[in-house]
Amino acid sequence: MRRFFVKDMAYRPMRVALTALGIAVLAMLILLFGGIMHGLRWQAQRYVSWTGADLWISRERSGGVFVGFSLINPELVQTSAQFIGGPLIDGDIGVSPLVFAHARPTIRRSGVASEVKAVIVGYRAGKLGGPSRADLVRGRLFVESAEVYSPEQQVELECVVDDSMGLEVGESVEVGGQELKVVGIIRDMMFVFDTPMIFMDVRTAQKTVLEDVIYVNTFLVKVAEGQDPLAVAEMYNDPQRGIRRFAVDTHTSEDTIDKILKNFVDEPMAGVQFLRVMLWIATALVVGMITYVTTMEKTQEIGVMKAIGATNSYVLRLLLWQVLLTSAGGVLLGLGLAVAAVPAFPINVMLNPAEAVVVCALSVVVCVVGGLIAARRALRVDPMVAFRGEV
């Protein structure tokens, strides 16, 4: 039987190849849509998880630093947060100030200036929110400013950038009308939709982004070992004894990630998710239809086989082997095409191995079901009718 069904497939090589190619393209599109969603979700939570912060303090009812407008006067909030937290928070790191803002910095290459998208992050070296020396792939960290602000304080205009910006140590980038010297390079630190991040001292960010206003967007807190971040957040949010009286809210990192995913991925990409579901349905229909039509075209051959003594079970196994081989080849080709297409995409795509297995398995099942339905119908045809070509 194996030789027979292989010879039958070789008799129509173009039809088999086109069927497998159609299955491959549909499987590839489903995998790439899923990879885009996984890539966006990974980027959305990458930075928050990477900081190591347990709590995020932002302006009351702002929605958080990532999704709303949050400016906090650090004069009272930082001191009070450290005092109220006491032994419940990490004594070495304390309460870390952070400036986080979307910006359009200017880069000059070959004398041509161009605006690029970026996220500006201002933090204190050694605190939460930005890279340490160990995270750098080239160069050094920026020069730190004094922790206690004074009006005559000199601000070093230096920054560390993600290597996706194409800048090298010694080059410059313009932020808020100020030229910042690139002194270090970090890798794979981007916000959603491949937005590269530029790290600098918190005072540099205040000078360039906030026009020298001594405010911050948020404070990051790391709780002491063994402490529950949610319990500390509830303590901070107490309107009587906490820091809520300074018109700020405290959110856990998990809650912050949920807000980012909702506002930057789930809601904006709802249309893509709907399109992905429609593609699943279309794939099931198209693949099933291709398999059905291909099988029904063999009705005359099936009639001849039955006339010379082939049993229904033999013919059924023969057809299902052909469908299984064609569909398996198609989905494997689709998987290979999806993997090959990932580097060419302009945004981050992360194929999920578990999802790839599910897509391949479902595609093969749909093909086999379509072939089974067609084969059962073809088996009911009378051999003499098939001989006359009336089917």
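Scanning the stretch 157-190 for residues that are touching a Leu at 6+ places or on another chain (Cβ under 6 Å) and either among the acidic types (Asp, Glu) or part of a loop (DSSP other than H, G, I, E, B) (or both) yields a single hit, Leu157. Of the helices (runs of 4 or more DSSP H) that lie entirely inside the stretch 191-303, those containing 1 or more residues that are in contact (Cβ under 8 Å) with a residue 24 or more places away in the chain and polar (S, T, N, Q) span 202-208, 253-260, 270-296.
Per-residue answers, yes or no, for (1) over 24 Å from Val65 (Cα atoms); (2) hydroxyl-bearing (Ser, Thr, Tyr):
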position: Gln154; (1), (2): yes, no
position: Asp163; (1), (2): yes, no
position: Val169; (1), (2): yes, no
position: Gly176; (1), (2): no, no
position: Phe191; (1), (2): no, no
position: Thr204; (1), (2): no, yes
position: Thr208; (1), (2): no, yes
position: Asp212; (1), (2): no, no
position: Val223; (1), (2): no, no
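Could we say that Gly309 is in contact with a Pro (Cβ under 7 Å, 6 or more places away or on another chain) and farther than 16 Å from Leu32 by Cβ here? No. Filtering the stretch 121-145 to residues that are assigned to a strand (DSSP E or B) and touching a helix residue (DSSP H, G or I) at 6+ places or on another chain (Cβ under 6 Å) leaves Gly122, Tyr123.
Residues are listed down the side, and each one gets a yes or a no for (1) out of contact with any Leu (no Cβ under 6 Å at 6 or more places or on another chain); (2) part of a helix (DSSP H, G or I); (3) surrounded by fewer than 20 Cβ atoms within 10 Å (Cβ to Cβ):
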| position | (1), (2), (3) |
| --- | --- |
| Leu319 | yes, yes, no |
| Val323 | yes, yes, no |
| Thr326 | yes, yes, no |
| Val331 | yes, yes, no |
| Ala338 | no, yes, no |
| Val342 | yes, yes, yes |
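For Pro229, the conditions (1) of a type outside the set (Lys, Arg); (2) outside the structural domain of Pro105 (by TED's automatic domain parsing); (3) more than 30 Å from the chain's Cα centre (by Cα) all hold with the exception of (3).
Table: residues versus (1) surrounded by fewer than 23 Cβ atoms within 10 Å (Cβ to Cβ); (2) closer than 22 Å to Val48 by Cβ; (3) assigned by TED's automatic domain parsing to the domain that holds Val143; (4) under 29 Å from the mean Cα position of the chain (by Cα).
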{"site": "Cys159", "(1), (2), (3), (4)": "no, yes, yes, yes"}
{"site": "Met165", "(1), (2), (3), (4)": "yes, yes, yes, yes"}
{"site": "Ser172", "(1), (2), (3), (4)": "yes, no, yes, no"}
{"site": "Gln178", "(1), (2), (3), (4)": "yes, no, yes, no"}
{"site": "Lys181", "(1), (2), (3), (4)": "yes, no, yes, no"}
{"site": "Arg187", "(1), (2), (3), (4)": "yes, yes, yes, yes"}
{"site": "Thr195", "(1), (2), (3), (4)": "yes, yes, yes, yes"}
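The values are calculated or read from the model by the stated rules, or taken from the named source; none is laboratory data. Nothing here was measured: the structure is a model prediction, and the numbers come from that model. Glycine also receives a Cβ, built like all others from the backbone with ideal geometry; neighbour counts cover every protein chain displayed.
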